[in-house]
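Report on the structure given below.
What follows is calculated from the coordinates using simple rules that are stated; it is not laboratory data. What you are looking at is a predicted structure, and each value in this text was computed from that prediction instead of being measured. Using ideal geometry, Cβ is built from the backbone for each residue, glycine included, and neighbour counts are taken over all protein chains shown.
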Amino acid sequence: MARVGIGVDLGSSTLRTVRLKTIRNGLVVLDYGNFPVPSEDVNEDKRLKMMGRELRKRARKRGHLAVSLNSQSVIMRLASFPKMKKSEIESVLKWEWDKYVPIPRDEAILDYHVVDEPILGESEGMQVLLIAAKKSDVVELLRITRLGGLRVKTVDVDSLAAFRALDFLGYLDSGIGQAHTVIDLGLNSSRVSIFAKDVPVMTRGISTGGMDLTRHLAGQGYDLEEAESLKCYKGLSEDGKVRSVLLEALEDLFFEIGKSLEFFLLKNREYRTPNVYLVGGGSLLKGIHEELREYLDRQLVQRLSLDYGILVPQFKWGSNVRFAKGKRHRDMVSSDYLTAIGLALWKEADR
Ligand SMILES: Nc1ncnc2c1ncn2[C@@H]1O[C@H](COP(=O)(O)OP(=O)(O)OP(=O)(O)O)[C@@H](O)[C@H]1O
Ligand SMILES: [Mg+2]
């Protein structure tokens, strides 16, 4: 029987849903859609009800349902333990909680995975990936989905979901020394997650998001709506005022991305090819891939004597993604949907 998964990516500005089934050579998107999250000016009750209503319409269908949690509110840490049985890990965590998780124990939800072979450095002992979230964040998420009448099976971290989608769709090159950096360009912030051998080894939040670009443009005499559409329509594609203002607004973001990569590469010299993948709404900015690649090449490649330039590939939907008959707008499903797709693939990954 075909496996059907539903992914609900509940972002700060946009709620995206994807329903898909996996087939032998890829996946078929059954339906997808997005809904602008009502602004915080709207009364809280009304806001939640509006989101609930949308969810009811879009995601209350048959399938394994997974919802995203923003990686900025999640702690992911690769911890080193002496070799021990899985059952013993629990007691170490119990006694040494504060050493590993910076959220009080009774306010946290913790998940952990033993990593098969050491990822970074040491070969003695074992490495355990700890993933902790605040209970209150998860409760809030479930409150919204409950209003939509949904029965959530999985709560997952958005960056892990995006990585899963990239992997499933065959975008990740798994050669020796490859590290994969997923950068989620969201509304008010961006998140950098570096993966080594499929494990997130470093995550970092950056305080620049798409809204900062819009505000920067608005500072040039446009109103916010005009600035938003100029940004989306023109992006960095044409020389002129829009491009130069946007580039200026991107400076901090590029600098922080560069610093994160540099930190990782200096500490882990066996990883020589740090491919960078942009996801989230901000990744739709025209020309951002080329601009980021040039920046990183200029700043890092020679200085760190990397083997190759840094790849910042743009996504093209390959033959392994199909659309259910009669669905149009196939080009609307793009890098801003990768998190929702990865969520819908959760069950597949768990098999
Ligand atoms: N074509 C485009 N060109 C440039 N920017 C775009 C484009 N489409 C969307 N964006 C920007 O993407 C940003 C929102 O990104 P996204 O939808 O990934 O955020 P979110 O998932 O709601 O938020 P978060 O993940 O931060 O909680 C907005 O600032 C929006 O202007
Ligand atoms: Mg998002």
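Using a 10 angstrom cutoff on alpha carbons, build the Gaussian network for the chain and name the most mobile of Arg204, Arg143, Arg303.
It is Arg303.
Per 0.36 nm of contour for each residue apart, how much would the distance between Glu251 and Asp239 grow if the chain were fully extended, relative to their Cα-Cα spacing? Walk me through the numbers on the way to the answer.
Working: separation 12, 0.36 × 12 = 4.32 nm, distance 1.70 nm.
Additional length available on full extension: 2.6 nm.
Consider just the alpha-carbon atoms of the stretch 22-144 and return their Rg together with their Dmax, both in angstrom.
19.5, 55
Given Cβ point charges of +1 (Lys, Arg) and -1 (Asp, Glu) and nothing else, what value in debye, to the nearest 20, does the dipole of the stretch 74-135 about its Cα centre take?
Once rounded to the nearest 20, the dipole reads 200 debye.
If you average 1/r over all unlike Cα pairs in the chain and invert the result, what Kirkwood radius do you get in angstrom?
Answer for the chain: a Kirkwood hydrodynamic radius of 21.4 Å.
Compute, for the stretch 38-101, the length of the dipole vector about the Cα centre, with Cβ point charges of +1 (Lys, Arg) and -1 (Asp, Glu) only. Units Debye, rounded to 20.
With Lys and Arg at +1 and Asp and Glu at -1, about 640 debye.
Report the calculated FRET efficiency for Arg24 and Glu270 (r = Cβ-Cβ distance, R0 = 35 Å), to the nearest 0.05.
About 0.50, to the nearest 0.05.
Taking 0.36 nm per residue of separation and subtracting the Cα-Cα distance, what length does fully extending Lys135 through Arg215 add?
Values: separation 80, 0.36 × 80 = 28.80 nm, distance 3.31 nm.
Here the segment from Lys135 to Arg215 would lengthen by 25.5 nm.
Please list, or write none, the lysines whose alpha carbon is within less than 28 Å of the alpha carbon of Lys57, excluding same-chain residues fewer than 8 places away.
Lys21, Lys46, Lys49, Lys135, Lys153, Lys325, Lys327, Lys347
Compute the relative contact order of the stretch 74-135 as a whole-number percentage, counting only Cα pairs closer than 8 Å that sit 6 or more residues apart in sequence. Please report the intermediate quantities before stating the final value.
Details: 86 pairs, mean separation 32.7, N = 62.
Relative contact order of the stretch 74-135: 53 percent.
Sorted by mean Cβ packing within 10 Å, highest first, what order do the peptides 127-136, 42-51 take?
Going by the mean number of other Cβ atoms within 10 Å, highest first, we get 127-136, 42-51.
Using every alpha carbon pair in the stretch 74-135, what percent of pairs falls into each 10 Å bin from 0 up to the bin containing the largest distance?
Taking all Cα pairs of the stretch 74-135, the binned fractions are 21, 56, 22, 1 percent.
In debye, nearest 20, what is the charge dipole magnitude of the chain about its Cα centre with +1 on Lys and Arg Cβ and -1 on Asp and Glu Cβ, if you could check?
1940
In the stretch 276-315, what chymotrypsin sites (Phe, Trp or Tyr not before Pro) fall in a loop by DSSP, with at most 12 other Cβ atoms inside 10 Å?
Answer by residue number: Tyr308.
Taking the beta-carbon count within 10 Å as an exposure proxy, list Asp9, Asp223, Asp297 from fewest neighbours to most. Mind showing how you got there, number by number?
Working: Asp9 28, Asp223 8, Asp297 15.
So the ranking, lowest neighbour count to highest, is Asp223, Asp297, Asp9.
Taking the Cα-to-Cβ direction at Val301 and at Glu262 and moving 7 Å from each Cα, how far apart do the two end points lie in nm?
Label at Val301, label at Glu262, 1.7 nm between them.
For Glu107 and Asn188 in the same chain, what is the full-extension length gain: residue separation times 0.36 nm, less their Cα-Cα distance, in nm? Walk me through the numbers before you get to the answer.
Numbers: separation 81, 0.36 × 81 = 29.16 nm, distance 2.54 nm.
Full extension from Glu107 to Asn188 adds 26.6 nm.
Top mean-square fluctuation among Ser283, Ser87, Ser71, Gaussian network model of the chain, C-alpha springs under 10 Å?
Ser87
Using +1 at the Cβ of each Lys and Arg and -1 at the Cβ of each Asp and Glu in the stretch 174-301, identify which of Phe255, Val276, Tyr295 lies farthest towards the dipole's positive end.
About the Cα centre, the residue reaching furthest to the positive side is Val276.
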